[in-house]
Amino acid sequence: MGMTMTQKILAAHAGLDSVEAGQLIEAKLDIVMANDITGPMALPIFKEMADKVYDKDKVVLVPDHFTPNKDIKSAENSKSIRDFAREQGLTWYFEQGKSGVEHAILPEAGVVVAGECIIGADSHTCTYGALGAFSTGVGTTDIATGMATGELWFKVPGAMKFVLTGKPGPYVSGKDIIIHIIGKIGVDGALYRSMEFVGEGVKELSMDDRFTMANMAIEAGAKNGIFPVDEKAAAYMEEHSAKAYKVYEADADAVYEEVIEIDLSKVRPTVAFPHLPGNAKTIDEIEAMDPIAINQVVIGSCTNGRMEDMRKAAAILKGHKVHEDVRVMVIPATQKIYKQCIAEGLLDIFVDAGCAVNTPSCGPCMGGHMGVMAAGERCVSTTNRNFVGRMGHVESLIYLASPEVAAASAIAGCIANPEKVGDR
């Protein structure tokens with residue numbers, strides 16, 4: 001019986017010739033990552049198990065959620081992982097001001113590459129599947145176990161194949177595609193499965209598109225999302241990492257529980273309405289509604305804070321002003337992206353338009369800081385979740401969208417079609 005990409009990676013890391021869906025395995029880990037929320041919770045458990053991490057080059061700590069520290073508790077949490085990183089001599093500790101949001105900085109810094117088995121104490125760890133790695137989010141006990149032993153038990157996931165065809169139209173990006181897919185299959189449509197994206201349409205997607213799509217696989221309930229390693233992925237890794245990587249390809253007779261074809265040319269700019277990422281509506285459906293006035297826009301996060309996202313938002317905002325009733329937070333995902341925005345003049349565009357440009361941080365995505373909402377407020381956000389209370393008050397509303405839709409909405413003061421605002 002053939003294996004999928006994910007199953008091949010897991011088999012290799014379990015030291016087995018083959019695995020099948022539902023099988024329990026113990027796999028060796030290449031990277032174990034935690035942040036300033038999950039890391040401090042894992043440390044007491046780790047200390048009951050071991051004195052030293054299994055490999056100082058493979059345990060990664062990134063303070064990004066409540067940094068810059070918003071209060072004393074946040075400062076104490078960050079200090080705990082900072083001290084631990086120093087005590088353990090960790091190679092990869094990303095201090096505030098020298099890094100960025102975890103799921104953007106790990107690929108950028110070359111920490112993660114194709115063929116690896118990666119766990120992170122954050123649900124969006126599945127982002128690294130864009131590079132052809134198996135990566136998934138786990139709980140703090142599992143992270144502590146991984147830090148101590150370098151191994152973890154997994155149930156091998158079944159798989160769904162998404163065959164991408166065609167080419168995306170103008171103003172359609174990875175964010176629109178993944179919201180479209182989640183809208184199609186539902187927020188539990190890929191429950192504990194691997195979402196494997198294949199087909200001729202993959203070559204039409206940039207690496208930033210792929211990172212976005214893999215990032216939100218968890219929003220369909222998936223164990224992971226993964227793309228094949230093609231020339232774009234190989235070029236990305238060769239530019240960013242000195243690590244050797246391994247390419248795994250699905251067998252011709254690999255077993256998929258479901259195969260879904262997505263014609264990218266038919267995907268429209270798409271927005272996820274409250275309170276689920278699967279509550280998808282196209283921009284055409286939205287334009288047929290009464291205008292949906294908004295109060296806030298967030299452009300950033302581990303989903304859409306990369307360079308391509310900044311450029312797309314700036315292209316819409318250039319020469320325009322943010323609506324008088326709207327406040328906008330732009331958050332480049334890493335310091336390198338922040339500097340590139342300066343070099344390309346994008347920060348001038350954002351500030352001249354009336355946006356607040358914030359330091360790399362998860363910040364408003366989970367209602368942490370730098371953009372918390374009050375009751376009754378509406379936000380168009382390029383983040384990944386729009387659950388009740390996710391970005392503040394339980395009576396606030398979140399609409400998930402691409403950077404271009406977000407920027408167009410910031411100008412219009414309501415959810416707006418980027419095809420009709422700004423210049424590309």
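The values are calculated or read from the model by the stated rules, or taken from the named source; none is laboratory data. Keep in mind the model is a prediction, meaning the values are calculated, not measured. Don't worry about glycine lacking a Cβ; one is built from the backbone with ideal geometry, like all the others, and counts go over all protein chains shown. Keep in mind that these areas ignore ligands, DNA and RNA; they rest on the heavy atoms of the full protein, side chains included. Shrake-Rupley method; radii C 1.70, N 1.55, O 1.52, S 1.80 Å.
Counting other Cβ atoms within 10 Å, keep those with at most 16, restrict to DSSP loop, and tell me which GluC sites (Glu not before Pro) in segment 82-178 are left. Answer by residue number: GLU95. Relative contact order for segment 6-165 using alpha-carbon pairs under 8 Å, separation at least 6, rounded to a whole percent? Averaging sequence separation for qualifying contacts and normalising by length gives 35 percent for segment 6-165. Restricting attention to segment 235-373, close to 30% of DSSP beta bridges with both partner residues there are antiparallel.
For the residues PHE387, PHE154, PHE211, a GNM of the chain with alpha-carbon springs under 10 Å puts the largest fluctuation on PHE154. Over all projection directions, the Cα-based convex hull of segment 322-404 averages an area of 5.3 nm². The lysines within cross-link reach of LYS281, meaning a Cα-to-Cα straight distance under 28 Å and a gap of 8 or more places when in the same chain, are LYS161, LYS167, LYS175, LYS184, LYS203, LYS223, LYS266, LYS312, LYS318, LYS321, LYS420.
I'd like the carbon and sulfur percentage of the solvent accessible area for the chain, probe radius 1.4 Å, heavy atoms only, ligands and nucleic acids excluded. Reported share for carbon and sulfur atoms: 51 percent. Here the convex hull built on the C-alpha positions of the chain has a volume of 126 cubic angstrom per residue.
DSSP bridge analysis restricted to the chain gives an antiparallel fraction near 20%, rounded to the nearest 5.
Simple spin-label estimate for ALA288 and ALA375 gives 3.5 nm between the two label positions (7 Å along the Cα-to-Cβ direction from each Cα).
Projected over every direction and averaged, the convex hull enclosing the alpha-carbon atoms of segment 368-424 yields 4.0 nm².
In segment 1-120, the convex hull through the Cα atoms has an average projected area of 8.5 nm², a quarter of its surface area. For the options ILE81, ILE72, ILE398, a Gaussian network treatment of the chain with springs between C-alpha atoms closer than 10 Å singles out ILE72 as fluctuating the most. Annotation: peptides 44-55, 160-171, 289-300, ranked by per-residue average of other Cβ atoms within 10 Å with the highest first, follow the order 289-300, 160-171, 44-55. In the frame of its principal axes, segment 234-378 has Cα extents of 57, 41, 30 Å, reported largest first. Helices in the chain, meaning DSSP H runs of at least 4 residues, each add -39500 (n - 2.57). Divided by all residues, the mean residue ellipticity at 222 nm is -9000 deg cm²/dmol. Relative contact order of the chain, taken over Cα pairs closer than 8 Å and 6 or more residues apart, is 18 percent.
Of the whole protein surface, MET207 contributes about 20 Å² of accessible area at a 1.4 Å probe radius. Relative contact order of segment 320-424, taken over Cα pairs closer than 8 Å and 6 or more residues apart, is 25 percent. Pick from LYS203, LYS336, LYS243 the residue whose mean-square fluctuation is largest in a GNM of the chain, springs joining Cα atoms under 10 Å. Checking each option, the largest mean-square fluctuation is seen for LYS243. At 1.4 Å probe size, what's the solvent-accessible area of LEU29? Round to the nearest 10 Å². LEU29 has an accessible surface of roughly 10 Å² with all protein chains in place. Our note on the geometry: Cα centres of segment 94-173 and segment 35-55, 20 Å apart. Largest accessible area first, the residues LYS223, LYS184, LYS58, LYS155 order themselves as LYS184, LYS155, LYS58, LYS223 under a 1.4 Å probe with ligands, DNA and RNA left out.
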